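Below is one structure; the comments refer to it alone.
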Amino acid sequence: MRNLNHDIKNLCRRNRDGSFATQHDREGILTLVANQLHEGGFKQLRAGGIRSKHIEHLVQRWHDDGISAGTFKNRMSALRWLAEKIDKQNIVARENAAYGIADRKHVTNVSKASALDETQLARVSDRYTALSLRLQAAFGLRREESIKLRPALADRGHVLHLNASWTKGGKERDVPILTETQRHLLDEVKQLAGAGSLIPAEMSYRDQLNRFKSQTAQAGIDRVHGLRHAYAQARYEQLTGWKSPAMGGPSNKQITPEQKAVDREARLVISRELGHEREQITAVYLGR
């Protein structure tokens, strides 16, 4: 077990604050924190060595991942608990607003989708980054998944199989390959990556992630999480035959009982394809 993971496990077991559920959720968040700091290059870190720069690294990653305001606040609460236990309360700002964390919002039927602009994409000089962006748009992948994906292993003919080690929370899943555009893209990605991933052999994940950020910033590409929203909305229309509420389609109150059954099944499918466990999360992508 890595040093920070070991320290966090011991801290959680020595400090039983809150209900059993609270303790369980807190340890899960802090284990994720340890894993993501390790992935970010902080490999020999101990709990007592956590500083403001580590908190800022996590916050930036979570902003990039597009997590919800509620999830963000839960994670910040766990970080403040950790800071208190290591007697370094000042490494975490007291107010979430200091990190640009939005207030928790109710779902609104406003689309957060973004398309991959060809003019901007042409400004991306790194082919690995360009293909990662195209994978996010074509398969609804998270940024990390699109970089770590090993296409030769993932391509199962009719589905793209994501191994647990590439995904958020270590949950493997399948995304269908339905179009010629997806098929041609995968063939192009396999040509570049060979047996590997979209991380050049001489680079680490962190190196390629930093290059991805730099390349997209220079090209004027932001809100890459919006590519997942666009994927979800396109799949909803394919599965139901009508546009999602976020795209101007009928709301849940406006559809018939028969349509509601189709709507629910479509949302379950999309939730699985995006790597979520709950149908309710699709409201963030599709509206209600």
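Out of all the residues in region 28-48, which are surrounded by 13 or more Cβ atoms within 10 Å (Cβ to Cβ), over 20 Å from the mean Cα position of the chain (by Cα) and part of a helix (DSSP H, G or I)?
A47
Determine whether Q191 is out of contact with any Gly (no Cβ under 6 Å at 6 or more places or on another chain) and either modelled with pLDDT under 95 or surrounded by 13 or more Cβ atoms within 10 Å (Cβ to Cβ) (or both).
no
Tell me which residues, restricted to region 61-98, are touching a Leu at 6+ places or on another chain (Cβ under 7 Å) and within 26 Å of L141 (Cβ to Cβ).
At the first step, the residues of region 61-98 found to be touching a Leu at 6+ places or on another chain (Cβ under 7 Å) are 78, 82, 85, 92.
Hits for region 61-98: nothing passes.
Which of the residues that make up region 67-79 are charged (D, E, K, R) and surrounded by fewer than 17 Cβ atoms within 10 Å (Cβ to Cβ)?
Step one: of region 67-79, the residues charged (D, E, K, R) are 73, 75.
K73 - this is the single residue of region 67-79 that is charged (D, E, K, R) and surrounded by fewer than 17 Cβ atoms within 10 Å (Cβ to Cβ).
Being buried (at least 20 other Cβ atoms within 10 Å of the Cβ) and assigned to a helix (DSSP H, G or I), is that true of even one residue in region 106-127?
no
Tell me the residue from D263, D207 that is surrounded by fewer than 17 Cβ atoms within 10 Å (Cβ to Cβ) and more than 15 Å from F139 (Cβ to Cβ), please. Can you show your working first?
Working: D263 fails: surrounded by fewer than 17 Cβ atoms within 10 Å (Cβ to Cβ).
Answer to the check: D207.
State which residue is surrounded by the fewest Cβ atoms within 10 Å (Cβ to Cβ) when the search covers only region 1-21 and only residues that are over 19 Å from R51 (Cβ atoms) and of a type in the set (K, R).
Checking each candidate, the answer is R14.
Considering (1) in contact with a Gly (Cβ under 9 Å, 6 or more places away or on another chain); (2) more than 15 Å from L274 (Cβ to Cβ); (3) among the aromatic types (F, W, Y), say which one Y236 fails and leave the rest.
Result: Y236 passes all but (2).
For S271, all conditions in the list (1) within 30 Å of E172 (Cβ to Cβ); (2) out of contact with any Ser or Thr (no Cβ under 7 Å at 6 or more places or on another chain) hold save one; what is the number of the exception?
(2)
Tell me the residue from A102, A83, A138 that is in a helix (DSSP H, G or I) and over 22 Å from E39 (Cβ atoms), please.
Values: A102 fails: in a helix (DSSP H, G or I); A83 fails: over 22 Å from E39 (Cβ atoms).
A138 is the lone residue from the list that is in a helix (DSSP H, G or I) and over 22 Å from E39 (Cβ atoms).
Would you pick out the residues in region 149-192 that are assigned to a helix (DSSP H, G or I), under 16 Å from A138 (Cβ atoms) and among the basic types (K, R)?
R183, K190
The values are calculated or read from the model by the stated rules, or taken from the named source; none is laboratory data. Quick caveat, the model's predicted, so the values are computed rather than measured. Glycine also receives a Cβ, built like all others from the backbone with ideal geometry; neighbour counts cover every protein chain displayed.
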